[in-house]
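Have a look at the structure below before the remarks.
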């Protein structure tokens with residue numbers, strides 16, 4: 001038997017749906033930020049570095065890799081899957097199964113398709129490149145860049161595609177929660193507007 005004090009009532013469900021919608025919006029923003037981060041590397045940064053003098057490309061990439069570990073990037077990178085899972089739990093609480101599945105899949109896809117490649121492939125490649133001493137002659141720089149660029153770009157593309165799919169799933173989940181929130185609000189007593 002469910003204790004009536006803890007049983008969901010209409011007002012609780014409306015409030016949880018509103019909180020879930022807010023969490024879903026934040027999930028969408030963070031997932032979009034990570035997709036944009038990976039996508040920018042795919043379609044501009046790496047192509048530009050590939051056309052630059054290899055000595056410049058190696059030095060620039062070393063500098064960018066050193067700067068990415070910061071207080072803005074870390075919470076977004078590591079917080080995105082956590083927020084997606086909290087959003088999935090909020091969706092489950094209001095019995096919005098489709099949204100919960102979307103946010104759960106988005107979180108899992110982000111972890112497996114973006115975080116795991118980052119930690120197991122891209123970061124180790126970055127560390128190898130960071131160990132390359134400067135200044136290099138042109139031949140050494142070209143070899144170092146060729147060894148680095150192709151595998152790094154392949155795995156970054158994997159991260160971008162998976163983050164893009166996670167973003168789409170978060171958007172789909174948000175649309176389900178938003179519809180639920182509007183339906184619940186329509187059935188609850190109206191409050192005077194400010």
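Which of (1) farther than 14 Å from residue 38 by Cβ; (2) touching a helix residue (DSSP H, G or I) at 6+ places or on another chain (Cβ under 9 Å) does residue 115 not meet, given it meets every other one?
Looking at each condition in turn, residue 115 falls short on (1).
Which count do you get for residues in the stretch 125-154 that are free of Cβ contacts under 8 Å to residues at least 40 places away in the same chain and surrounded by 18 or more Cβ atoms within 10 Å (Cβ to Cβ)?
1
For the stretch 38-63, name all the residues that are under 19 Å from residue 158 (Cβ atoms) and without any contact (Cβ under 8 Å) to a residue 40 or more places away in the chain.
Once the filter is applied, which keeps residues that are under 19 Å from residue 158 (Cβ atoms) and without any contact (Cβ under 8 Å) to a residue 40 or more places away in the chain, the stretch 38-63 yields 40, 43, 44, 45, 47.
Looking only at the stretch 64-80, count how many residues are in contact (Cβ under 8 Å) with a residue 40 or more places away in the chain and either out of contact with any helix residue (DSSP H, G or I) (no Cβ under 7 Å at 6 or more places or on another chain) or within 20 Å of residue 29 (Cα to Cα) (or both).
5
Test residue 121 against the stated conditions and say whether it is assigned to a helix (DSSP H, G or I), within 17 Å of residue 169 (Cα to Cα) and free of Cβ contacts under 8 Å to residues at least 40 places away in the same chain.
So residue 121 fails the test.
Given the criteria surrounded by 20 or more Cβ atoms within 10 Å (Cβ to Cβ), over 18 Å from the mean Cα position of the chain (by Cα) and touching a residue at least 60 places away in the same chain (Cβ under 8 Å), does residue 160 qualify?
The answer is no for residue 160.
Test residue 92 against the criterion of being more than 17 Å from residue 34 (Cα to Cα), in contact (Cβ under 8 Å) with a residue 40 or more places away in the chain and out of contact with any strand residue (DSSP E or B) (no Cβ under 8 Å at 6 or more places or on another chain), and give yes or no.
Spelling it out, it is not the case that residue 92 is more than 17 Å from residue 34 (Cα to Cα), in contact (Cβ under 8 Å) with a residue 40 or more places away in the chain and out of contact with any strand residue (DSSP E or B) (no Cβ under 8 Å at 6 or more places or on another chain).
Any chance you could count how many residues in the stretch 95-108 are surrounded by 19 or more Cβ atoms within 10 Å (Cβ to Cβ), in contact (Cβ under 8 Å) with a residue 60 or more places away in the chain and closer than 20 Å to residue 164 by Cβ?
Result for the stretch 95-108: 4.
Across the stretch 48-75, what is the total count of residues that are over 22 Å from residue 139 (Cβ atoms) and surrounded by 12 or more Cβ atoms within 10 Å (Cβ to Cβ)?
5
Just so you know, all these numbers are worked out from the coordinates, no wet-lab data involved. From a predicted model like this one, the values you see are computed outputs, not experimental measurements. For neighbour counting, all protein chains shown are included, and Cβ atoms are generated from backbone atoms with ideal geometry for every residue, glycine included.
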